[in-house]
Structures are given as C-alpha cells and as structure tokens.
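Novice: Before I ask anything, let me first share the structure, which is written out below as structure tokens.
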Amino acid sequence: MSLHIVQILPMYHPDGEEKLRELADVKQFNEFDEQEIIGYLKQNKVDGIILRAPAKITGDILDHCAHVTAISGAGIGLDNIDVEYATSKRIKVLHAPKMNSTATAEHAVALLLSVMKDITVFHAEMQKGNFSFRDGRYTAELEGKTLGLVGFGSIAQKVAKIAKNGFGMNPIAYVRTISSARQELADSLGVEVTTSMEEVFKKSDAVSLHIPLTAQTKELVDKKLFNLMKPSAVLINTSRGGVINETDLVEALKSKTFKRAGVDVFAVEPPLANHPFYGMDEITMTPHIGGISVEAARESSVIIAENLIKAIQGEELSVIANAQSIVKLNRG
C-alpha cells in the first residue's frame, strides 16, 4: 500500500514535489487552513506531513495525527512546528539538510553591501530622476572593517570567508564555548572568536546574525546590544526575525544609535501591513529569500521528499531533530 502524505503549501522547487509524488500519494493544500487540515486528518489515514512556513504544525493539528509518524519542515529552522508536543506523540520531526548555506551566506553579504553602499536609497532616488541626491553623500568601504558574526555555523563560516578573502574585512565571531577544534577552525579561517556577545557589538562595523530561534535566543538582540554599536555600524539578519526585538531596532535606527540594517526575516511572516519597518530608509528588506536560490531549492526539495519517506519507513537519519528524545521516551 502506498504511503499517504499531506503537503501544506508548495515546496520550494517543483522537482521536490515530483519526487514526492513518485514515492507516495499526496494531498496538497495550497493555503494554510488549520481547520481544513484537521478535517482531512480526521477522515484519512495520513502517514506523514511536509510543510513550509508560514504554515504551522500546532498542537491542535498534532492531536489529529493518529497515523502520522513523521513531519518534515522545508528549512533548517523548526520554529513553525511544535516539536515538543510532536515528540510526546512519538512523531519524528525532520528539518532540511544544510544545503542552503551558500545561498544564505551570499544573501547576507549582498545585504551587507547594500546597506554599506546605500544601494536601495540611491535606487529609490534614481527612480525619481534625482541624480543630484548623490551630492554630499558618501558610501562606506568594507576593506579593513570589522565584521561581527553572532554564531559560527556553516553559514557564518562562509560569510567570514567571503568577507575576509573577498573584501579584506576582519571577522570576529561570538560562540558560546571555545573548544580546541573550534579555535583551530577559526584560526584556519582567520576569524577571531569570543564568548562575549557584547565585545562583538562593540568592536564591529557590521554585525551579521547567524543563530537559530529558541526560547533562549528570542529577542536576544535588543537595545542593550544596539547601544553598544558604533554610530556608523550596520546590522544584518538572515537567521530568524524573532531573535531581534523589532521595536528596539526601530527605536535604535530612528535615534541614530547605529546607521542601517538589512533584514531578510521577520518576527511574524509575512509582516503585518502596519509593520514599523515599512517606509524606513534605514532598513533594507527582502522577503525571507536568503536560502532559496534555484540551486539550493532544487537539491534540498528533492532530498527533503526522500528523507520524509525514509523516516516513515523507519530509517535512521541525521536530520530527525527529535530522534534521541523519542528513543528516551520509548525506553522510559
């Protein structure tokens, strides 16, 4: 008997959807309607669910997942899935393999260039035919500047390589602990590492965020850290919107605590129509597209589809985020 999968919202690339349909029968929901999904789960035997943000797997949905054995997100982050409650029901939760590191790192650097060079501001004025807007205005160079990295995973490492080797910047990265292996890696990349986030914000001409959204990191970056920044500094966020206190960010930019910000992510996505970032020249925004290059989307979508089926069939996979927790529950 063929496996039955619920797909909530389109996958990031059609090749992934094609692969999923080769491996299972698929019911696709093109909009996230919680009650409609619950109704379908009540009436059908569903083996697995695959979804992409802004769709969510809530406790109410999980309460109707009687036959579901695995749920897969479409990205590395799992903040749109109630992982703890899924674990209590012995449902495996998968995240995407880290195949979008290059795309996200390049996007972070693109935002860095944009805010350092005021690209979007100049573009808006040129669209008005206002060439003279350039008079008396200066952009900033990256060479010799300090780039602060909050986090030092695969994406941050790629950003550090591009910044140091391509622009001659001096990277410094915040890490929670400095093991000998991490220090060796940092030395090989020419990156200074520190366990002081405050030091990163004080020293840096640009700060780029590369941390997941957890209970510990929610709104971690707030006015206390903003107040440590140089007036000429910029902030880049391609991680998760919720790691920043957005109200504090708006206030800091309006009061010229630091210069500009480039953000690809928001605390609530899509942002509400009255979001305070709208209309601010000090913020360059993109709609959470950092990790979805065509190359990354194609490769990751196919592997996500394959991994979901493998997980349902009982294969052990490194991308099952709650595997150890389920093992402990089963032993207990």
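Novice: Of Met99, Met280, which has the most accessible area and how do the rest follow, probe 1.4 Å?
Specialist: Met99, Met280
Novice: I would also like to ask the following. Residue-wise, which Karplus ³J(HN,Hα) couplings in Hz belong to the range 169-186, taking 6.51 cos²θ - 1.76 cosθ + 1.60, θ = phi - 60°, and x for glycine or proline?
Specialist: Ordered by residue, 3J(HN,Hα) equals 7, 10, x, 10, 10, 7, 10, 6, 9, 10, 7, 5, 5, 5, 5, 5, 4, 4 Hz.
Novice: Taking all protein chains as present, what is the carbon and sulfur share of the accessible area of the chain, in % to the nearest whole number, probe 1.4 Å?
Specialist: Ligands and nucleic acids excluded, carbon and sulfur give 49 percent.
Novice: Here is a follow-up. Rounded, prolate or oblate for the range 38-180? Axes are the square roots of the Cα gyration tensor eigenvalues, ordered a ≥ b ≥ c, and the cut-off for rounded is a/c under 1.5.
Specialist: Cα axes put the range 38-180 in the oblate bin.
Novice: From the backbone phi of the range 116-131, what are the Karplus-calculated ³J(HN,Hα) couplings (6.51 cos²θ - 1.76 cosθ + 1.60, θ = phi - 60°) in whole Hz, Gly and Pro given as x?
Specialist: 6, 9, 6, 4, 5, 5, 5, 4, 4, 6, 5, 4, 8, x, 8, 5
Novice: Here's something else I'd like to know. Would you rank Leu51, Leu272 by solvent-accessible area, highest first, keeping every protein chain in place and using a 1.4 Å probe?
Specialist: Leu272, Leu51
Novice: Given H placed on each backbone N at 1.01 Å, which residues far from Leu3 in sequence or on other chains put an amide H within less than 5 Å of it?
Specialist: Correct list: Asp25.
Novice: Over the chain, what is the mean sequence separation of C-alpha contacts under 8 Å (at least six apart), divided by residue count, expressed as relative contact order in percent?
Specialist: This gives 20 percent for the chain.
Novice: In addition: Out of these labelled values of P(r) over Cα pairs in 20 Å bins from 0, in percent, [x] 27, 46, 24, 3; [y] 29, 52, 18, 1; [z] 31, 59, 11, 0, which was calculated from the coordinates shown here?
Specialist: Read-out from the structure maps to [y].
Novice: Once the principal axes of the Cα atoms of the range 177-332 are found, what is the range along each, listed largest first in whole angstroms?
Specialist: Result for the range 177-332: principal-axis Cα extents of 55, 44, 37 Å.
Novice: On to the next question. Near the amide H of Leu235, under 5 Å away, which other amide H atoms are found, from residues 5 or more places off or on another chain, if H is placed in the peptide plane?
Specialist: Sorted by chain and number, the residues that satisfy this are Val207, Arg260, Ala261, Gly262.
Novice: Further question on the same structure: Could you report the chain's accessible area per residue, 1.4 Å probe, as an integer in Å²?
Specialist: Value for the chain: 50 Å² per residue.
Novice: Round to the nearest 0.05 the FRET efficiency obtained for Ala140 and Glu198 when R0 = 22 Å and r is the Cβ-Cβ distance.
Specialist: The value I calculate is 0.40.
Novice: Short version: ³J(HN,Hα) in whole Hz for each residue of the range 215-222, in order, from phi by Karplus 6.51 cos²θ - 1.76 cosθ + 1.60 (θ = phi - 60°), x for Gly and Pro, what are they?
Specialist: Computed from phi, the couplings for the range 215-222 are 4, 7, 9, 4, 6, 4, 8, 9 Hz.
Novice: Compute the Cα gyration tensor for the range 1-109, then decide on rounded, prolate or oblate, letting a ≥ b ≥ c be the square roots of its eigenvalues: rounded whenever a/c is under 1.5, prolate when a/b is larger than b/c in the other cases, and oblate in all that remain.
Specialist: Prolate shape, in that a/c is at least 1.5 and a/b is the bigger ratio.
Novice: Provide Met229, Met126 ordered by accessible surface of protein heavy atoms (probe 1.4 Å), highest first.
Specialist: Ranked from most to least accessible, the order is Met126, Met229.
Novice: Based on the Cα gyration tensor of the range 163-232, what are the three equivalent ellipsoid semi-axes, each the root of five times an eigenvalue, rounded to whole Å and given largest first?
Specialist: Those come to 21, 17, 10 Å.
The values are calculated or read from the model by the stated rules, or taken from the named source; none is laboratory data. Remember, predicted model here, so these are calculated numbers, not experimental data. Ideal geometry is used to build each Cβ from the backbone, glycine not excepted, and the neighbour counts take in all protein chains shown. What goes into the accessible areas is simple: the full protein's heavy atoms, side chains included, and nothing from ligands, DNA or RNA. Shrake-Rupley method; radii C 1.70, N 1.55, O 1.52, S 1.80 Å.
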